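Shown next, in structure tokens, is the structure this report addresses.
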Amino acid sequence: MKHPSISEKDERIASLIVDSTFAVHKNLGPGLPESVYEVCFCHELHKREVSFRRQVVVPVFYDGIRFAEGLRLDVLVEERVACELKAVEIMHPVYTAHILTQLKLTGKRLGFLINFNAPLIKRGITRIAL
């Protein structure tokens, strides 16, 4: 089954996410803890009048039971786009699997895996669409 293309609204949100990411990386560079990047990234989103929620709990349903201790989305932007933030030297494939699982569990179609520890931030941004 082919998914419909990403909506114009989601594309505008995606542009603001990328713009915010570049602004944070330009001002801070690599080498800081993920928590610092998260708060500054959210500040940049706020400056752009973009709504977001941090550390969003995503419950997991297993064996007919809802477990609230499931996953946490680092940042959910406009209730539409999931952002998984990292500040790591090596991007392991499990990080991609993690954001894919988050998208599937939340029913969202678009997500970003962002590694602020990349020397060039354009190489630290991975866009994932279902």
Handout entry: Filter result for TYR62 (of a type in the set (Phe, Trp, Tyr), touching a strand residue (DSSP E or B) at 6+ places or on another chain (Cβ under 7 Å) and free of Cβ contacts under 8 Å to residues at least 60 places away in the same chain)
Key = no
Practice task
Could you tell me whether the stretch 51-65 includes any residue that is modelled with pLDDT of 95 or more, under 19 Å from LYS9 (Cβ atoms) and over 13 Å from the mean Cα position of the chain (by Cα)?
Solution key: yes
Completion exercise
Output for Cβ contacts, cut-off 6 Å, separation at least six or different chains, first residue touching a residue at least 60 places away in the same chain (Cβ under 8 Å) and under 22 Å from SER5 (Cβ atoms) in the stretch 95-121, second in a helix (DSSP H, G or I) and not aromatic (Phe, Trp, Tyr), reads LEU110/ASP10; PHE112/ILE17
Completion exercise
Conditions (1) under 13 Å from the mean Cα position of the chain (by Cα); (2) surrounded by 13 or more Cβ atoms within 10 Å (Cβ to Cβ); (3) over 16 Å from ALA14 (Cα atoms) -> LYS108 fails only (3)
Practice task
Tell me, please, whether a residue that is part of a loop (DSSP other than H, G, I, E, B) and among the hydroxyl-bearing types (Ser, Thr, Tyr) can be found in the stretch 2-10.
Solution key: yes
Handout entry: Considering residues of the stretch 14-40 that are touching a Gly at 6+ places or on another chain (Cβ under 9 Å) and surrounded by 19 or more Cβ atoms within 10 Å (Cβ to Cβ) only, the residue nearest to THR126 (Cα to Cα)
Key = THR21
Exercise for the section: May I ask you to verify whether ALA97 is over 27 Å from ARG12 (Cβ atoms) and within 15 Å of the chain's Cα centre (by Cα)? Expected result: yes
Fill in the blank from the handout: Counting only strands (runs of 3 or more DSSP E) entirely within the stretch 16-113, those with at least 1 residues that are of a type in the set (Lys, Arg) and in contact with a helix residue (DSSP H, G or I) (Cβ under 8 Å, 6 or more places away or on another chain) are 52-62, 81-86
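The values are calculated or read from the model by the stated rules, or taken from the named source; none is laboratory data. As the structure is a computational prediction, the values presented were derived from the model and not from experiment. Cβ atoms come from the backbone with ideal geometry, glycine included; neighbour counts cover every protein chain shown.
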